[in-house]
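As structure tokens, the structure follows; a few thoughts come after it.
The values are calculated or read from the model by the stated rules, or taken from the named source; none is laboratory data. What you see is a predicted model, and the numbers here were worked out from it, not measured in a lab. Cβ coordinates were reconstructed from backbone atoms using ideal geometry, including for glycine residues, and neighbour counts include every protein chain displayed. Accessible surface areas use protein heavy atoms only, side chains included; no ligands, DNA or RNA. Shrake-Rupley method; radii C 1.70, N 1.55, O 1.52, S 1.80 Å.
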Amino acid sequence: MRQLIAAAESIDPVVVTGKVAGVNGLLIESRGGLSRLAVGARAEISRRGQAPLPAEVVGFRDAKALLMPYGPVEGVAPGADIKILEAAASVSPTIQWLGRVIDAFGEPIDGNGPLSQGPQPYILKASPPPAHSRARVGERLDLGVRSMDVFTTTCRGQRLGIFAGSGVGKSVLLSMLARQATCDVVVVGLIGERGREVREFIEETLGEEGLRRAVVVVATSDEPALKRRQAAYMTMAVAEYFRDQGLEVLCLMDSVTRFAMAQREIGLAAGEPPTTKGYTPTVFTELPKLLERAGPGPVLPDGRQAGPITALFTVLVDGGDHDEPIADAVRGILDGHIVMDRKIAERGRFPAIDVLKSVSRTMPECQTPPERELNRRARQCLSAYSNMEELIKIGAYRSGADPIVDRAIALNPMLEEFLRQDKEDVTRLDESFERLESILNMGMLEA
């Protein structure tokens, strides 16, 4: 009885409401209820003849709260009621979510019925685990992609960026990783994706095999900025659930640039001053908060060690500029970067990874001495050929002038074939090093 009385006394009977004071573009101004509001609080705005419009508090100005909607503002009228909801959004995943496609609110959009709800809620905008509670990166992860396994060997719990322009094969590379990587669960976040490409990615690029062990979070480019941003938070929250079950999680997000663009829209609407290329200060505050949520798992309250979240975030480089603000900020946060080059894609080699510009910060410690030597020799050949490529193509290079270049010319067709990989082709990590060794040794015999 005492527990029931205590529970009843803890109930807050106050229903806080406000009124719409004005609409300016995507920004809705509210008056009233300010004493119970905070940045990040959720609200519902009544609309004429339509369902209530969900919104979020993004700031304050004078005596008014500034809200941004999760949907179109059509139907919002002056004086419309605003009902204040919970302060922080959460989601309650279960293992039955595998194989499902959800939106930024955790609602199913694949037509396969409702989702079961777990007993423990996960806050969407959670803080990264404390650094001292985290494990170190684990053993290397077999990705099944030769160019990445050999030249940017990745460890469990590592975070990498895939830097590329549009149309160079990022989605296909992500689908290869989702199907072939040796992990337990894959969580895919499609942030700001083209609407027509979502089913194509899920049904053809990812395929039934990849979807079976995956959860896909989707927010298309036509959806409001708040929803696109929340889809990124939803992706990380779902990954954290599976991590806490002790599973090894691979998190793939395409793309973190669109997350930054959504945050820029929100910041500008709230009155933040634009900085480099129009990005607001909160963009560079939110990026590390999002990216740091991936990585080695922390020790859980019950003493168990959580699993790792190995993450790959794609970054759209504007016009091939790898020093633009978002690319530069992300590169400084993550544990390595994969560079995809349009010129490589144009000559028909996929995945179009420029291995000479790609770096994994867990190397060379995660490779054995023989593997490091193979890596060094292969990079030497690729670099020598790249430096002399123009002269070789126009016939200005004279054979015998440099033994290293001569060997690079002889090995280049085989190395290019090694780096080329069809999306259905799977090569395990040890086999990749064996194939590279046979190519390099063949070149020594010919020399």
field: Nonlocal amide H pairs with Val187, under 5 Å, H built at 1.01 Å
entry: Val215, Leu250, Cys251, Leu252
statement: Under Stokes-Einstein, the stretch 88-227 at 10 °C and 1.306 mPa s, with its Kirkwood radius over C-alpha pairs, diffuses with a coefficient in µm²/s of 94 µm²/s
- request: Would you mind checking which residues have amide H under 5 Å from Tyr279's amide H? H placed 1.01 Å from N; only 5 or more apart, or other chain.
  value: none
field: 12 Å beta-carbon shell around Asp323, net charge (K/R +1, D/E -1)
entry: -2
From phi via Karplus (6.51, -1.76, 1.60), per-residue ³J(HN,Hα) for the stretch 72-79 in Hz, x at Gly/Pro: x, 8, 4, x, 7, 10, x, x
task: Using a cut-off of 10 Å between beta-carbons, work out the net charge of the residues near Arg194 (Lys and Arg +1, Asp and Glu -1, Arg194 not included).
output: -3
- prompt: Translational D (Stokes-Einstein, µm²/s) of the chain at 20 °C and 1.002 mPa s when Rh comes from the Kirkwood sum over C-alpha pairs?
  reply: 89 µm²/s
- request: Step through the residues of the stretch 357-366 one at a time and calculate ³J(HN,Hα) from phi using the Karplus curve (6.51 cos²θ - 1.76 cosθ + 1.60, θ = phi - 60°), rounding each to whole Hz and writing x for Gly and Pro.
  value: 9, 9, 9, 10, 7, 8, 8, x, 4, 8
Using θ = phi - 60° and Karplus 6.51 cos²θ - 1.76 cosθ + 1.60, couplings along the stretch 156-171 (whole Hz; Gly, Pro as x): 5, x, 7, 10, 10, x, 10, 9, 6, x, 6, x, 10, x, 5, 5
message: Can you tell me the length gained on complete extension of the stretch Glu346 to Arg376, counting 0.36 nm per residue apart and subtracting the Cα distance?
response: 8.1 nm
query: Please state the Cα pair-distance histogram of the stretch 390-447 with 10 angstrom bins from zero: what percent is in each bin?
result: 19, 43, 26, 12, 0
- line: In nanometres, the difference between 0.36 nm per residue of separation and the alpha-carbon distance of Gln96 and Asp81 is 1.6 nm
field: Calculated P(r) of the stretch 276-348 - Cα pairs past 13 Å, %
entry: 73 percent
message: What's the ranking of 372-379, 232-239 by average number of surrounding C-beta atoms within 10 Å, highest first?
response: 232-239, 372-379
message: Compute the orientation-averaged projected area for the stretch 150-240 from the convex hull of its Cα atoms and round it to one decimal in nm².
response: 6.5 nm²
message: For the stretch 52-104 and the stretch 292-343, what is the centre-to-centre distance using only Cα atoms, to the nearest Å?
response: 28 Å
message: What number comes out for accessible area per residue over the stretch 377-447 if the probe is 1.4 Å? Units Å², please.
response: 59 Å²
Mean shadow area of the stretch 209-265, taken as a quarter of the surface of its Cα convex hull (nm²): 4.3 nm²
message: Give me the percent of accessible area attributable to carbon and sulfur for the chain, probe 1.4 angstrom.
response: 53 percent
- prompt: Of Ser171, Ser90, Ser358, which has the most accessible area and how do the rest follow, probe 1.4 Å?
  reply: Ser90, Ser171, Ser358
query: Sequence-distant or interchain residues sharing an amide H contact under 5 Å with Asp354, placed H: which?
result: Val339, Met340, Asp341
query: Once Rh for the stretch 299-447 is found with the Kirkwood sum over Cα pairs, what is the Stokes-Einstein diffusion coefficient at 37 °C and 0.692 mPa s, in µm²/s?
result: 182 µm²/s
Förster radius 45 Å - calculated FRET efficiency between Glu200 and Lys19 (Cβ-Cβ, nearest 0.05): 0.50
- line: Only helices counted: for the chain, with every DSSP H run of 4 or more residues adding -39500 (n - 2.57) and the sum spread over all residues, [θ] at 222 nm is -11000 deg cm²/dmol
- prompt: Ignoring ligands, DNA and RNA, what accessible area per residue does the stretch 59-119 give at 1.4 Å, in Å²?
  reply: 49 Å²
message: So if each residue of separation counts as 0.36 nm, and I subtract the Cα-Cα distance between Ser133 and Arg213, what length gain in nm does that give?
response: 26.0 nm
- request: Please tell me the relative contact order of the chain in percent, rounded to the nearest whole number, where contacts are Cα pairs under 8 Å and at least six residues apart.
  value: 16 percent
task: Anything over 18 Å Cα to Cα? Flag those among Lys125/Lys227; Lys343/Lys393; Lys393/Lys423; Lys357/Lys423; Lys170/Lys343; Lys19/Lys83, in the order listed.
output: Lys393/Lys423; Lys357/Lys423
